[in-house]
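Step one of this worksheet: look at the structure below.
The values are calculated or read from the model by the stated rules, or taken from the named source; none is laboratory data. If you're wondering where the values come from, they're calculated on a predicted model, not measured in any experiment. A quick note on method: Cβ atoms are made from the backbone with ideal geometry, for glycine too, and the neighbour counts reach across all protein chains shown. Quick note on the areas: whole protein, heavy atoms, side chains included, nothing else; ligands and nucleic acids left out. Shrake-Rupley method; radii C 1.70, N 1.55, O 1.52, S 1.80 Å.
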Amino acid sequence: MAGEHDTRQATPAARGFLPGVRRRWSWIAAATLAGALASAAFVSVAPPRYTASAVISPAEPPRFSASGSMTPEDPEALAQSIESLDVARAAIDRLQLAVDPEFRGEDAPGRFLSRLGVTPATGSRAIRIAFQARDPELAARAANTVAELAVQSLDEARARSVRAVEARLGKTIEDATARVAEAEANVEAERLRTAPPANAAGQGADETELEAKLSAARAASAAAAGKAAQLRRLAQEGRLADLPPSLADDPLRRLLEQRAPIRAEIADASRTLLPLHPRMKDLAAELAAVDGQIRDAVERESRASEAEARRAADEADALETALAERSKAAAAVSVAPTSASALRALEREAQTAREALQSYRQMARELESREAAEAEAGTARIVMRAEPPRSPVFPKTASTLAIGTAAGFGLGSLAASLAALAGARRRSAPTTAALDPTTPGSIAGARPESGASAPVDVPEPFPHAAPAGALDDVATLVATLRRLKPAGNLVVLVAGDESGRALAVALETARRFAAARATAFIDLGRTQEWLADILHRDEGDVPAIPGLSDLVAGRAGFGEVIRRDLSSTLDVVLAGANPGSGPLGDALTAFAASYGAVVLHASDWRSAWAREAARAADALAVVAPAARAGPARDRAASALMEDCPTVLAFAVRAARTAPEPVL
């Protein structure tokens, strides 16, 4: 029941909401215009910000470690190295920004870096350098200056890295050379110590020759195996273009010589042509064909080197077997087995040292050849220079105007909606919680009492017994009722004696009370038809307005039955379709708790609703023609004295069209 009651109560507010918003369209238009003007003023006053961008392409210099491995440079690390205080100070000095107010002071490098943005491009090694400033020319010059400093810094870092690698590799080669010399000296000393007698000179010479051949075979096998392994490694890593000349035969060397001009031509054409240009496609296809020939040649060379390594290994095994047999024969007459074993161990150590030295020298040659190839391909370069931007990045004129206009429209609509909702709720009535008489003023939409009116010079109020005479003026009636109950909520029943004169008196009394406090006029039935014409109607209102009987029966809520008087701030409740049915106690209690004054009208004080209303009223005014005013008051007082102790008479002269009281 509570949910149904709330739904019925919200219906009239909803009907009055949209017309109220439409009546306040000027608010929305003014707020929208104000938002557009404010955003336009902001765009014209706010200092603009321009962003210019340059793009650099770092070289691809792999760094060789002492073991021959490569460490590629990380684009993120390169971007962070560009965003450094050293680069900022150098750019400020080159641009002469010390005199610029934006970059003046000790924290100028920090402010410069706050305007600088360095981001690596996705999917490539390119780096975008952006700078933001109030002057578009300064933004472009700063971005280009930082790009130039970045290219210079990257080249210097690359050169330092190469020099460090070369220094480490040179030190390693020196150490390996010293170890080889020491090992060879140990071999010669051991040979002299274990030299055979003179009669074994011929046999010793043969053994020496075999050892020399064995060393040569082992060296050839190691060299061929190393060459094949290196060729395989370069092929697996896809770096056949970096193949050292020392590993290439004449056909492979010629293919490498053919590849270098093609790469140079591609690098030169890429400055002006896009990758999908027909010329770029032809050059890429030509380079791919040469690379395929290089891979085939490397594969053939690898297989030949592996075969040569196996042949040399087989020859070394045969020589080692022959040398072992001769050593056994010679050991029986001249040399002890322990001395021969020590000599061979020293020779193996010397051979190992020579092989290590050879591998280090091979690495040095590879590094030298790569440096030559990289010098031919070029170093880091500026791919795209920054141009002065034509439009600022802040503020965006179109978006700012759109946001300001939308904000003004939203605020205007909100203000109009709130005002319309407040106007619609002014006619709302109490919720079911207001039926508790201990919570006055809790009815939703009830207006607070605006205060007491100015004092009126009236005679002393009648005592609670029946008055001696009848009142003949509405103003006197209102003043008497105010004096009767100066504070608190007042409930008055103005009832007729079936003369039809009570409605005008009750309505005028209610309007006079409405001028000083929140007042409700409630009709209890058998009313003239013109009463509905005094009500304010919203667009879409139904012809039959629900009334008190509908409220009591639960067919309508408070907000649906309360309407506003066109001539005053009076709230009016009609009798409804079926007056006289249903109890009034809860409804009257709720109205009395919510309004400063409640004026009830009944055509006949004898009706059921009039008698029930008298029990809740503070006073009863019986309206009758002047000739019958006294007897009518006496009959009502006699019948209703226990329910309403104060009964007043109001006399209406028959000669006047409007009710003018007569004693």
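Exactly one of (1) within 30 Å of Leu367 (Cβ to Cβ); (2) crowded, with 19+ Cβ neighbours inside 10 Å is unmet by Ala142. Its number?
(1)
Where the second residue is surrounded by fewer than 14 Cβ atoms within 10 Å (Cβ to Cβ) and in a loop (DSSP other than H, G, I, E, B) and the first is assigned by the TED database to the domain that holds Ala139 and at negative phi and lies in the range 385-414, which pairs have Cβ atoms under 7 Å and are six or more apart or on separate chains?
Every condition considered, the pairs that remain are Pro395/Ala46.
Look through Ala289, Ala285 and report the one residue that is assigned by the TED database to the domain that holds Ala235, loosely packed, with under 15 Cβ neighbours inside 10 Å and under 20 Å from Ala235 (Cβ atoms).
After ruling out the rest, the residue left standing is Ala289.
Here are the criteria: (1) open to solvent by 60 Å² or more (accessible area, probe 1.4 Å); (2) modelled with pLDDT under 80. Tell me which single one Ser369 does not satisfy.
Unmet condition: (1).
Among what's in the range 605-616 and is small (Gly, Ala, Ser) and surrounded by 18 or more Cβ atoms within 10 Å (Cβ to Cβ), pick the residue that is farthest from Arg482 (Cα to Cα).
Among residues in the range 605-616 that are small (Gly, Ala, Ser) and surrounded by 18 or more Cβ atoms within 10 Å (Cβ to Cβ), the one farthest from Arg482 (Cα to Cα) is Ser607.
Could you tell me which numbered condition Ser124 fails, if it satisfies all but one of (1) under 30 Å from Glu368 (Cα atoms); (2) among the polar types (S, T, N, Q); (3) assigned to a helix (DSSP H, G or I)?
It fails just one condition, (3).
So Ala487 ticks every box in (1) in contact (Cβ under 8 Å) with a residue 40 or more places away in the chain; (2) in a loop (DSSP other than H, G, I, E, B); (3) closer than 27 Å to Thr476 by Cα but one. Which box is left unticked?
(1)
Say whether the condition of being without any contact (Cβ under 8 Å) to a residue 40 or more places away in the chain, open to solvent by 50 Å² or more (accessible area, probe 1.4 Å) and closer than 16 Å to Ile382 by Cα is met by at least one residue in the range 155-175.
Yes: one or more hits.
Name the residue, out of Asp533, Asp571, Asp604, Asp586, that is among the acidic types (Asp, Glu), in the same structural domain as Arg633 (by the TED database) and touching a Leu at 6+ places or on another chain (Cβ under 6 Å).
From the options Asp533, Asp571, Asp604, Asp586, the qualifying one is Asp586.
Can you give me the number of residues within the range 203-223 that are at pLDDT 75 or above and under 19 Å from Arg311 (Cα atoms)?
13
Name the single residue, out of those in the range 474-494 being modelled with pLDDT under 85 and touching a Pro at 6+ places or on another chain (Cβ under 8 Å), that is surrounded by the most Cβ atoms within 10 Å (Cβ to Cβ).
Step one: list which residues in the range 474-494 are modelled with pLDDT under 85, which gives 484-489.
Next, only the ones that are touching a Pro at 6+ places or on another chain (Cβ under 8 Å) stay: 484, 489.
Values: Leu484: 16, Asn489: 20.
Only one residue fits best here, namely Asn489.
Give, as residue ranges, the helices (runs of 4 or more DSSP H) completely inside the range 495-604 that count at least 3 residues that are open to solvent by 10 Å² or more (accessible area, probe 1.4 Å) and modelled with pLDDT of 85 or more. Don't jump to the end; show me each part of the working.
Values: elements: 502-514, 548-553, 558-561, 585-594.
Passing ranges, in order: 502-514, 548-553, 585-594.
With respect to Ala133, determine if the residue is farther than 18 Å from Arg49 by Cα and at pLDDT 85 or above.
For Ala133, the condition - farther than 18 Å from Arg49 by Cα and at pLDDT 85 or above - is not met.
Restricting attention to the range 388-429, and to residues there that are of a type in the set (D, E, K, R) and surrounded by fewer than 15 Cβ atoms within 10 Å (Cβ to Cβ), which single residue is modelled with the lowest pLDDT?
Selected residue: Lys396.
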